[in-house]
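Laboratory data are not the source of any read-out in this text; all were calculated from the coordinates shown. All values reported here derive from a predicted model rather than from experimental measurement. Cβ: placed from backbone, ideal geometry, glycine included. Neighbour counts: every protein chain shown.
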Amino acid sequence: EEIFGPVVTIHRFESDEEAIEIANSTEYGLAGSIWSNDTDRAHKIAQKIQTGIVWVNTWLHRDLRTPFGGVKNSGLGREGGAWSLGFFSEPLNVCIKHD
């Protein structure tokens, strides 16, 4: 079951590959965070994490102009910025015959 927080889960790992495997081994992927003194290393790992957003050395900061949404079994789609128009809209086609 997906957990909504704030919740902190800490995992020990021996290598970056193991950390990525742990992070991606769940069926959910709404968001994740990486805490590290090496931001270049954290950025490389973030690119391999299967989530809708990855925070590095922070949590819950977000530019509302950018898309946000989960992957895998998390979220309902993308929202934020131009993506919100499609996410929060329901297209309707109306055809009218004029005499």
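Grab the Cα-Cα distance for residue 10 and residue 62, subtract it from 0.36 nm times how many residues apart they are, and report the gain in nm with one decimal.
Additional length available on full extension: 16.5 nm.
Taking Rg and Dmax of the Cα atoms in Å as the quantity of interest, determine which of (i) 22.1, 84; (ii) 18.2, 75; (iii) 12.6, 39 was computed from the displayed structure.
Identified label for the calculated read-out: (ii).
Along Cα→Cβ, 7 Å out, is where each label goes; now give me the distance between the ones at residue 95 and residue 17 in nm to one decimal.
5.8 nm
Only counting other Cβ atoms within 10 Å, I'd like 68, 88 sorted with the fewest neighbours first.
Fewest to most other Cβ atoms nearby, the residues stand as 88, 68.
Ranking 11, 43 by Cβ neighbours within 10 Å, fewest first, what do you get?
Values: 11 8, 43 13.
Result, fewest neighbours first: 11, 43.
Near residue 88, within a Cβ-to-Cβ distance under 14 Å, what is the net charge of the other residues, with Lys and Arg +1 and Asp and Glu -1?
In short, -1.
With contacts defined as alpha carbon pairs under 8 Å and 6 or more residues apart, what's the relative contact order of the chain in percent?
Averaging sequence separation for qualifying contacts and normalising by length gives 22 percent for the chain.
With springs only between Cα atoms under 10 Å, which of 37, 57, 73 fluctuates most in a Gaussian network model of the chain?
Among 37, 57, 73, the largest GNM mean-square fluctuation belongs to 37.
List the residues whose amide H sits under 5 Å from the amide H of residue 55, counting only those 5 or more places along or on another chain, with H placed 1.01 Å from N in the peptide plane.
Here 32, 33, 34 satisfy the definition.
What do you get for trypsin sites (Lys or Arg not before Pro) in region 23-88 restricted to DSSP loop and a cutoff of at most 15 other Cβ within 10 Å of the site's Cβ? Walk me through the intermediate numbers first.
Working: sites: 41, 44, 48, 62, 65, 72, 78; in loops: 48, 62, 65, 78.
Within region 23-88, the qualifying trypsin sites (Lys or Arg not before Pro) (loop, at most 15 other Cβ atoms within 10 Å) are 48, 62, 65.
Could you list 15, 33 in order of exposure, starting from the residue whose Cβ has the fewest other Cβ atoms within 10 Å?
Fewest-to-most Cβ neighbours within 10 Å comes out as 15, 33.
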